[in-house]
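Attaching a single structure in structure tokens format; questions to follow.
Nothing in this text is a laboratory measurement; each read-out follows from the coordinates by a stated rule. Keep in mind that this is a model prediction, so the values were computed, not measured.
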Amino acid sequence: MSEQVVYTRPSGIYDGAVTGFCPGCLHSAAVKTILEVLDELDMVQKTAWVQGVGCGGLAFNYMNLDTYPRRMAVRALLRAGSSAAAPTR
């Protein structure tokens, strides 16, 4: 009888990576869920992660995605003429 694979790690997580998020924090569960959905949609290679401040920046060492600090991403969106970077206040 052959073994049935029940779970595989999302391809967007580096092999052997450990999150570094605090125990009990749900950031790791949220990141893993996002990466599982990106795998299902076959969009891992087409996705960029804009990291925030604080522990959200830990995802940089965990996810195999193009990662940009928020400040840099906002500048790039403004240069491209995107309204997504415009403040809403």
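Per the Cauchy relation, a quarter of the hull surface: what is the mean projected area of the convex hull of the alpha carbons in the stretch 27-85, in nm²?
Computing the convex hull of the Cα atoms and averaging its projections yields 4.4 nm².
Contact order normalised by length for the stretch 27-85, with contacts defined as Cα pairs under 8 Å and 6 or more residues apart; what percent is it? List each step's numbers first, then the result.
Working: 37 pairs, mean separation 15.5, N = 59.
Computed value for the stretch 27-85: 26 percent relative contact order.
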